[in-house]
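Please find one structure pasted underneath; my questions will follow.
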Amino acid sequence: MKKFGKLILVFAVLFCVNSLMAQDKNNQWQFSFGVNAVDFHPVGTDSSDNATGHWFSEYFNIQDNWNTQTAINSLSISRYGNEKFNFGLKGSLNQITRLGDERNRISAKRIGSLDLFVDYNLGDGFNFCNIEPYLEAGTGYTWFGNQKSVTMNGGFGFNAPLSEKVSLKVNTAYKHAFNDMQNLQAHFQHTISLAVNFGGKDSDRDGIYDQYDDCPDEPGLPAFNGCPDNDGDGIENSKDACPDTAGLVEFDGCPDSDGDGTPDAKDACVNEAGSIEMNGCPDSDGDGVANNVDSCVDVAGPSANNGCPWPDTDGDTVLDKDDKCPSVAGLTTNNGCPQPTKEVMEELNVVGAKVPFQLNKASFGNQVTTVLDIVFGIMQKYPTTKFVIEGHTDTTGPKAFNQKLSENRANSVKEFLVAAGVSADRLSAVGYGEDKPSSSNKTRKGRESNRRVEFKVVE
C-alpha cells in the first residue's frame, strides 16, 4: 500500500511541469482503466460487529483498511458535456478480505459495481500545477458475495494530464448502500487509472480538429484556425493575394521587390525603384514621362513626343509639330511658313502683265507656259499662302464685255496653275474689267499695260 501512495506523489510532481489539457471539446470521449481500493473503515456506522469507527478517523490508513488487488480491476467511459460537466459509466471488481480495520478479517469475497456518474469540473480557480479537480455524483448497483444493493455515490477526484490524449485520473467515492445486510455497508472506493481521450477528428492532420478548423481539408497553422500560409509571410492563403510568394500586409500579401511602395503586380519596373505616380518606374529627367516609355531618358520632353523635345528643323522657332513648313524657315505668324515679300509680289505682277492672251479672248497665245511656270515656281515657295488672281482690261469695246473677259482670263490663269500643282483652295479669281486701269487708256502703250493679270495675297 505504501507504493500506491508514493506513486500518486510522483505523478503529482510531474504534472506541475506539464501544461497540457485532458478531456475537452476536442477529445470528447474518455476511456480509463486502472485499479481500485475498497475501504469499509471508517464510514460512520460504528457497529460492534465490525468496528468501523467514525467518519474519516482513519481515512489514510491504507495498510490496515484498504482492500486491493494487483490487477486492472476498474474501467470507465465518459462523454464530454461542456466545460463543467462530463457524463459516464464505470465498472469495478475487487476482493474484500476485511470489513473495517485489521481486526475484521473475513474470507475473501468478490465485490463488483456498475455506476452512472456525473463529474463537475471545479474550474481554473481550483487548479494547481495543471491538476484539474472535480466533484462527482451518481448512482449504481453493487454486489458483494450474495448481497446486492443500489447505491448513491458522491466523491471527488482530479485529472492530471500527461498529454493531449492521456491523463492520470485519481478518484475517491463514497457509496451509500440501501439495505440492512451485515456485510454490504456504506464504503469508500478509491481509484487510480490511466485515461485516454479520443473522439476528435482531424482530417488534414494539422493538429486542429475539424470542428474548429476553418480549412479542414488542408493542413494549416493554429494562428489561422487551421488554414495554411504557403509562403510563410504571416498572411493566411485565403487573405493573401499572392499565396505562393512572400509579401507584405499592406499589399495583401504581395511583394514589392524594389521597395518603392508599388507592389510588383502593379509595378512596371519591378527591379528599379520608382514612384507610385509613374507605376513604380523612375523618371530620370523629371519630365513626367516614366523611363520605361521615355525615348529620351536623360532629356526632358513632352509625353506627346514620348518624352523627347520637339524638333525645330528649320530653326524658325516654330516647332515641327506646329510648323506647316518644317523644312523652310518661316514666320511664327504664318505657322512657320514664309510669306511673300513686297518685292516678290512685284515680281509676280510683272510676270502677270506678260501673260499672252489672244485678242479679245481668254485663251492663251504662244509662250504662256514659259510665263506661268515662273508664277508657279514662285507660289511653290510659299505653300500656305493664298492668292487672288485679278483680271483687268482696257476700255476698248463694251464695258460688259470687258468685265466678262477679265473674269474669264483670271479663271484661265487659275486653271493653269491648279493643273500645274497649286492647291485649288489657295487660289481665287476675280475680274475687274476696265475699272482699275494701271495706265491711261488714251495711248496704245497705256492700253497694253491695262490688259494684265495681277496677284494679291489674301490677308
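Every read-out reported here was derived from the displayed coordinates using simple, explicitly stated rules and does not represent laboratory data. Values in this document were obtained by computation on a predicted structure and should not be read as measured data. Don't worry about glycine lacking a Cβ; one is built from the backbone with ideal geometry, like all the others, and counts go over all protein chains shown.
For the range 132-185, state which chymotrypsin sites (Phe, Trp or Tyr not before Pro) are in a DSSP loop and have at most 15 other beta carbons lying within 10 Å of their beta carbon. List each step's numbers first, then the result.
On the way: sites: Tyr134, Tyr141, Trp143, Phe144, Phe156, Phe158, Tyr174, Phe178; in loops: Phe178.
The qualifying sites are Phe178.
Taking the Cβ-Cβ separation of Thr384 and Lys436 as r and a Förster radius of 35 Å, what is the calculated FRET efficiency to the nearest 0.05? Working shown, then result.
Working: r = 27 Å, r/R0 = 0.78.
Calculated value: 0.80.
While we're on this one: Quick query: amide H of Cys337 versus all other amide H atoms, modeled in the peptide plane; which residues come in under 5 Å with a sequence gap of 5 or more or a different chain?
Under 5 Å from the amide H of Cys337 lie the amide H atoms of Lys324, Cys325, Leu331, each far enough along the sequence or on another chain.
OK, next. Relative contact order, percent, of the chain when contacts are C-alpha pairs under 8 Å separated by at least 6 residues? Working shown, then result.
Working: 1035 pairs, mean separation 36.8, N = 459.
Over the chain, the number comes to 8 percent.
How much net charge surrounds Ala273 when only the other residues with a Cβ under 9 Å from the Cβ of Ala273 are counted, with Lys and Arg +1 and Asp and Glu -1? Please list the in-between numbers first.
Working: positive: none; negative: Asp258, Asp260, Glu272.
Residues close to Ala273 contribute a combined charge of -3.
To continue, here is another question. Loop only by DSSP, 15 or fewer other Cβ within 10 Å of the Cβ. Give me the trypsin sites (Lys or Arg not before Pro) in the range 102-197 that pass, ordered by residue number.
Numbers: sites: Arg103, Arg105, Lys109, Arg110, Lys148, Lys165, Lys169, Lys175; in loops: Arg103, Lys165.
In loop regions of the range 102-197 (DSSP not H, G, I, E or B), the sparsely surrounded trypsin sites (Lys or Arg not before Pro) are Arg103.
What is the distance, in nm, between label points placed 7 Å from the Cα along the Cα-to-Cβ direction at Glu415 and at Phe198?
11.5 nm
Report the antiparallel proportion of the DSSP beta bridges in the chain as a percent, rounded to a multiple of 5. Before the final figure, lay out each step's value.
Values: 95 of 100 bridges.
Around 95 percent antiparallel, to the nearest 5.
Nearest 20 debye, what's the magnitude of the dipole of the chain about its Cα centre given +1 on Lys and Arg Cβ and -1 on Asp and Glu Cβ? Could you put the intermediate results ahead of the total?
Working: 40 positive and 64 negative charges, 314 e Å.
Once rounded to the nearest 20, the dipole reads 1500 debye.
Could I ask something else about it? Relative to the present Cα-Cα distance, how much length would full extension add between Glu250 and Ala268 at 0.36 nm per residue of separation?
4.6 nm
Ranking Tyr212, Tyr80 by Cβ neighbours within 10 Å, fewest first, what do you get?
Details: Tyr212 14, Tyr80 21.
By the 10 Å Cβ count, ascending, the order reads Tyr212, Tyr80.
Now a separate question. Test of understanding: ordering Phe87, Phe251 by Cβ neighbours within 10 Å, fewest first, what list do you get?
Values: Phe87 14, Phe251 18.
By the 10 Å Cβ count, ascending: Phe87, Phe251.
Additional query: Using a simple charge model, +1 on the beta-carbon of Lys and Arg, -1 on the beta-carbon of Asp and Glu, nothing else, what dipole does the range 404-459 show about its Cα centre, in debye to the nearest 20? Before the final figure, lay out each step's value.
Working: 12 positive and 8 negative charges, 82 e Å.
It works out to roughly 400 debye.
If you don't mind, there's one more thing I want to ask. Just one of [x] -0.58; [y] -0.44; [z] -0.35 is log10 I(q)/I(0) by the Debye sum over Cα atoms at q = 0.06 Å⁻¹ as worked out from the coordinates here. Which one is it?
Recomputing log10 I(q)/I(0) by the Debye sum over Cα atoms at q = 0.06 Å⁻¹ here picks out [x].
Counting only DSSP beta bridges with both residues in the range 345-459, what percent are antiparallel, rounded to the nearest 5?
On the way: 7 of 12 bridges.
So the antiparallel bridges amount to about 60 percent of the total.
Once you put a point 7 Å from the Cα of Thr332 and another 7 Å from the Cα of Ala400, both along the Cβ direction, what distance in nm separates them?
5.5 nm
Once you list every other residue whose beta carbon is under 15 Å from the beta carbon of Thr317, what net charge do they have if Lys and Arg are +1 and Asp and Glu are -1?
Details: positive: Lys321, Lys324; negative: Asp312, Asp314, Asp316, Asp320, Asp322, Asp323.
Counting the neighbours of Thr317, the net charge comes to -4.
Still on this model: Specify the inter-centroid distance of the range 387-459 and the range 111-136, based on alpha-carbon positions, in whole Å.
Using only Cα atoms to place each centre, the spacing works out to 128 Å.
Pop out the ³J(HN,Hα) list for the range 154-171 in order, Karplus 6.51 cos²θ - 1.76 cosθ + 1.60 with θ = phi - 60°, rounded to Hz; leave Gly and Pro as x.
Values per residue, Gly and Pro as x: x, x, 8, x, 8, 9, 10, x, 9, 7, 5, 9, 10, 8, 9, 10, 10, 9 Hz.
Moving to a separate point now. List, in order, the whole-Hz ³J(HN,Hα) value for each residue of the range 120-127 obtained from phi through the Karplus relation with A = 6.51, B = -1.76, C = 1.60 and θ = phi - 60°; use x for Gly and Pro.
Here the 3J(HN,Hα) series is 10, 6, 6, x, 4, x, 9, 6 Hz.
Also, quick follow-up: Can you compute the FRET efficiency between Arg110 and Phe85 using 1/(1 + (r/R0)^6), with r the Cβ-Cβ distance and R0 = 41 Å? Round to the nearest 0.05. Kindly include the intermediate steps, with their values, before the conclusion.
Details: r = 32 Å, r/R0 = 0.79.
The computed FRET efficiency comes out at 0.80.
Tell me the angle of helix 368-380 to the major Cα principal axis of the chain, expressed in degrees between 0 and 90 and rounded to the nearest ten.
Orientation of helix 368-380: about 30 degrees from the principal axis.
Just the C-alpha atoms of the range 202-255: what Rg/Rh do they give, with Rh taken as the Kirkwood radius?
Radius of gyration over Kirkwood radius for the range 202-255 works out to 1.03.
Also, quick follow-up: Going by how many other Cβ atoms sit within 10 Å of their own, how do Leu114, Leu319 line up, fewest first? Can you show the working numbers first?
Details: Leu114 12, Leu319 15.
The most exposed by this proxy come first: Leu114, Leu319.
Please give the net charge around Pro133, taking every other residue with its beta carbon less than 11 angstrom from that of Pro133, where Lys and Arg add +1 and Asp and Glu add -1.
On the way: positive: none; negative: Asp119, Asp124, Glu132, Glu136.
Charge balance near Pro133 sits at -4.
Using the reciprocal of the averaged 1/r over all distinct C-alpha pairs, how large is the Kirkwood radius of the range 332-406 in Å?
Details: mean 1/r = 0.0702 Å⁻¹.
When all Cα pairs of the range 332-406 are included, the Kirkwood radius is 14.3 Å.
Between 0 and 90 degrees, rounded to the nearest ten: what's the tilt of helix 2-15 against the longest Cα principal axis of the chain?
Once rounded, one gets 10 degrees.
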